1. Go through region 94-121 and give me each residue that's surrounded by 19 or more Cβ atoms within 10 Å (Cβ to Cβ) and in contact with a Lys or Arg (Cβ under 6 Å, 6 or more places away or on another chain).
2. Tell me, yes or no, whether region 79-89 has at least one residue that is within 13 Å of the chain's Cα centre (by Cα), closer than 26 Å to Asp131 by Cα and free of Cβ contacts under 8 Å to residues at least 60 places away in the same chain.
3. Sort through Phe119, Phe126 and tell me the only one that's in contact with an Asp or Glu (Cβ under 9 Å, 6 or more places away or on another chain) and in a strand (DSSP E or B).
4. Has region 79-91 got at least one residue that is in contact with a Lys or Arg (Cβ under 6 Å, 6 or more places away or on another chain) and either outside any loop (DSSP other than H, G, I, E, B) or hydrophobic (A, V, I, L, M, F, W, C) (or both)?
5. Do any residues in region 101-113 that are more than 20 Å from Asp48 (Cβ to Cβ) have Cβ atoms under 8 Å from those of residues that are basic (Lys, Arg) and part of a helix (DSSP H, G or I), where the two are at least six apart or on different chains, and which pairs are they?
6. Taking into account only those residues within region 47-75 that are touching a Ser or Thr at 6+ places or on another chain (Cβ under 9 Å) and not small (Gly, Ala, Ser), which is nearest to Leu8 (Cα to Cα)?
7. Between Val142, Val104, which is farther than 28 Å from Ile31 by Cα, among the β-branched types (Val, Ile, Thr), part of a loop (DSSP other than H, G, I, E, B) and out of contact with any Ser or Thr (no Cβ under 9 Å at 6 or more places or on another chain)?
Amino acid sequence: MASNEEILKKVQEKFGDCVLEVKDALGEATISIKRDCNVEVLKFLRDDPDLAFEFLMDACGIDYLEMGGFERFAVVYHLYSLKHNHRVRVKAFIPENDPRIDTVSHLWAAANWAEREVFDMYGIEFNNHPDMRRILCPDDFVGHPLRKDFPLQGIGYRESFEKIERSTAQ
């Protein structure tokens, strides 16, 4: 079984130009990459027999507004190797002015709905996704509610909700 240090070293050696940062964060190997490399890096992590990260546990979005860092947005992939019993976190950073990244739904079917949720909540589009549409919010919803600049009040979405009358009879 590879240690976190060995995992990070192997990825950094193979994808040096793609890698922004590697670190052991709270006991989990964490690799920060450029968005254009996400498919190549994730496919390597899945297919390399010494790593064998065959299970995509989760894919989620992050808005780093006002926090600095590499870019405003990131898509974070949490992978697990059943064979070697280890985990890795991959953060692909995405610029605010072009919030898009390639889909990995062809690598893991489980990425399909997770990517749709990231699109719905953060507005990050996944290139070549088989069904890129909202999954949680109504189709006519304007905006992306998990962005840190999304207004907390005064939007007026509740006016279109159907009012339900409850009976007071006992």
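The values are calculated or read from the model by the stated rules, or taken from the named source; none is laboratory data. This structure is a prediction, so every number in the text was calculated from the model and none was measured. Note that each Cβ is placed from the backbone with ideal geometry, even for glycine, and that neighbours are counted across all protein chains shown.
1. Ile94, Ile101, Asp120
2. Checked against the condition, which is being within 13 Å of the chain's Cα centre (by Cα), closer than 26 Å to Asp131 by Cα and free of Cβ contacts under 8 Å to residues at least 60 places away in the same chain, region 79-89 yields at least one hit.
3. Unique residue meeting the criteria: Phe126.
4. yes
5. Partner pairs satisfying both residue conditions: Ile101/Arg35.
6. Result: Leu51.
7. Val142
Rundown of residues vs (1) under 15 Å from Glu96 (Cβ atoms); (2) hydrophobic (A, V, I, L, M, F, W, C); (3) at pLDDT 95 or above, yes/no style:
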| residue | (1), (2), (3) |
| --- | --- |
| Ile124 | yes, yes, yes |
| Asn128 | no, no, yes |
| Val142 | no, yes, no |
| Phe161 | no, yes, no |
